[in-house]
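**Student:** Supplied in structure tokens, the structure appears directly below.
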Amino acid sequence: MKSSADLLAQMFAEPQRLDYFVAAIKGVEHEADSITRDVSTRIDKSFITPLDREDIHNLAQELDNVVDLIDGTARRAAMFRIRDTRPFAQALAQILHKSVESLEQAVVEIKNPRAVAKHTRNVKVLEEEGDAVYQVAVGELFNGSPDAIEVIKWKELYDTLERAIDRCHSASIVVESISLKNS
């Protein structure tokens, strides 16, 4: 998950390498799908699991959803033939990257509810920051006499970035719930 967020942040910093980043993110997305399937298979075959089977499945699915949204953002950038960048896209991609890092730390420390709570609070703060940036970004699209096609392209990209940040928050709630349940 973290590698896809890294690649997406780089993609918005270096849009001239868009094709490379889109392909690399798609590779990570395929790997995440494979891991999610592997987790389900292992759950089915295991007599005893370290956490509740349903919790493991839900967490794997939530994390995969984040990667899917990152991939969706990259694919949209390719479909729209984005060749430049916007500061708001870079800002949202950085917020997403930080959210993914905090989420990853929460998963690593899932057996420590205090640490998980600290990381999930950070994800919530980042989600609120993302909402604020998104609001300004979309508002700026309509300043002056904008090109309608550019507005459509960037609005869709901002929407997908914002949904990915929101999904990090949803996943962090699942991690916190599992952590509390197993403490």
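**Student:** In the range 85-103, is there at least one residue being at pLDDT below 95 and of a type in the set (Asp, Glu)?
**Tutor:** no
**Student:** Tell me yes or no: at least one residue of the range 107-130 is polar (S, T, N, Q) and closer than 22 Å to ALA13 by Cβ.
**Tutor:** No, the range 107-130 contains no residue that is polar (S, T, N, Q) and closer than 22 Å to ALA13 by Cβ.
**Student:** I'd like to know if the range 89-111 contains one or more residues that are acidic (Asp, Glu), touching an Asp or Glu at 6+ places or on another chain (Cβ under 6 Å) and either in a helix (DSSP H, G or I) or farther than 26 Å from PHE21 by Cα (or both).
**Tutor:** no
**Student:** Sticking with this structure for a sec: Among the residues of the range 93-121, how many are closer than 17 Å to ALA5 by Cβ and of a type in the set (D, E, K, R)?
**Tutor:** 3
**Student:** What number of residues in the range 112-144 are among the β-branched types (Val, Ile, Thr) and either touching a residue at least 60 places away in the same chain (Cβ under 8 Å) or not in a helix (DSSP H, G or I) (or both)?
**Tutor:** Looking only at that region, the number is 1.
**Student:** Quick one: would you say ILE173 is part of a helix (DSSP H, G or I), touching a helix residue (DSSP H, G or I) at 6+ places or on another chain (Cβ under 9 Å) and surrounded by 18 or more Cβ atoms within 10 Å (Cβ to Cβ)?
**Tutor:** no
**Student:** Here is a follow-up. What pairs can you find where one residue is in the range 34-56 and among the charged types (D, E, K, R), the other is surrounded by 13 or more Cβ atoms within 10 Å (Cβ to Cβ) and modelled with pLDDT of 75 or more, and their Cβ atoms are less than 7 Å apart, with a gap of 6+ or different chains?
**Tutor:** That search, which allows pairs on different chains as well, returns ASP55/ILE178.
**Student:** Here's another thing I want to ask about it. Out of ARG114, ARG81, ARG37, which single residue is at positive phi and either surrounded by fewer than 21 Cβ atoms within 10 Å (Cβ to Cβ) or at pLDDT below 95 (or both)?
**Tutor:** ARG81
**Student:** A follow-up question, please. Could you tell me whether the range 47-66 includes any residue that is over 24 Å from THR120 (Cβ atoms), of a type outside the set (Val, Ile, Thr) and at pLDDT below 90?
**Tutor:** yes
The values are calculated or read from the model by the stated rules, or taken from the named source; none is laboratory data. What you see is a predicted model, and the numbers here were worked out from it, not measured in a lab. Cβ coordinates were reconstructed from backbone atoms using ideal geometry, including for glycine residues, and neighbour counts include every protein chain displayed.
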